[in-house]
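Below is one structure; the comments refer to it alone.
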Amino acid sequence: MAKVHLPMSETNKAIVRHITEEIWNSRRLERIPDFFATDYDADYRPYAPLREGHKGIHGMVERAWATFPDYHEELHELIAEGDRLG
């Protein structure tokens, strides 16, 4: 069977959907290293402080669940062009 190669934009959309489902909705924090580099910075300033590395992502997700125990994300639409996704 031949491999199907999706455009980068579609591949990136699939990755974001997978991160959302695995980490945010299914609460599988052990999957963080599967999706994020060790030196990844989650920068949502000025809305939240800079979160650095896997520990920072882990803390960010845990705080969201503590604040909103029934936290769940739904992605209705992703817009992508090349390697950029919004």
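Odds and ends about this structure:
- Taking first residues from segment 27-45 that are closer than 17 Å to residue 12 by Cα and partners that are polar (S, T, N, Q), no Cβ contact under 9 Å between residues at least 6 apart in sequence or on separate chains turns up.
- Looking across segment 68-86, the residues that are in contact (Cβ under 8 Å) with a residue 12 or more places away in the chain and part of a loop (DSSP other than H, G, I, E, B) come down to 71, 72, 73, 75, 78, 82, 83.
- Consider segment 27-42 and keep the residues that are surrounded by fewer than 11 Cβ atoms within 10 Å (Cβ to Cβ) and not in a helix (DSSP H, G or I). The one that is nearest to the chain's Cα centre (by Cα) is 37.
- Only a single criterion out of (1) in a helix (DSSP H, G or I); (2) under 14 Å from the mean Cα position of the chain (by Cα) is not satisfied by residue 65, namely (2).
- All conditions in (1) touching a strand residue (DSSP E or B) at 6+ places or on another chain (Cβ under 9 Å); (2) on the phi > 0 side of the Ramachandran plot hold for residue 82, with the sole exception of (1).
- Filter result for residue 64 (in contact with a Gly (Cβ under 9 Å, 6 or more places away or on another chain), of a type in the set (Gly, Ala, Ser) and surrounded by 12 or more Cβ atoms within 10 Å (Cβ to Cβ)): no
- Condition check for residue 45 on (1) in a loop (DSSP other than H, G, I, E, B); (2) surrounded by 11 or more Cβ atoms within 10 Å (Cβ to Cβ): one failure, at (2).
Rule-based calculations on the coordinates, nothing more; no lab input. Values in this document were obtained by computation on a predicted structure and should not be read as measured data. With ideal geometry, Cβ positions are generated from the backbone for all residues, glycine too; neighbour counts draw on all protein chains shown.
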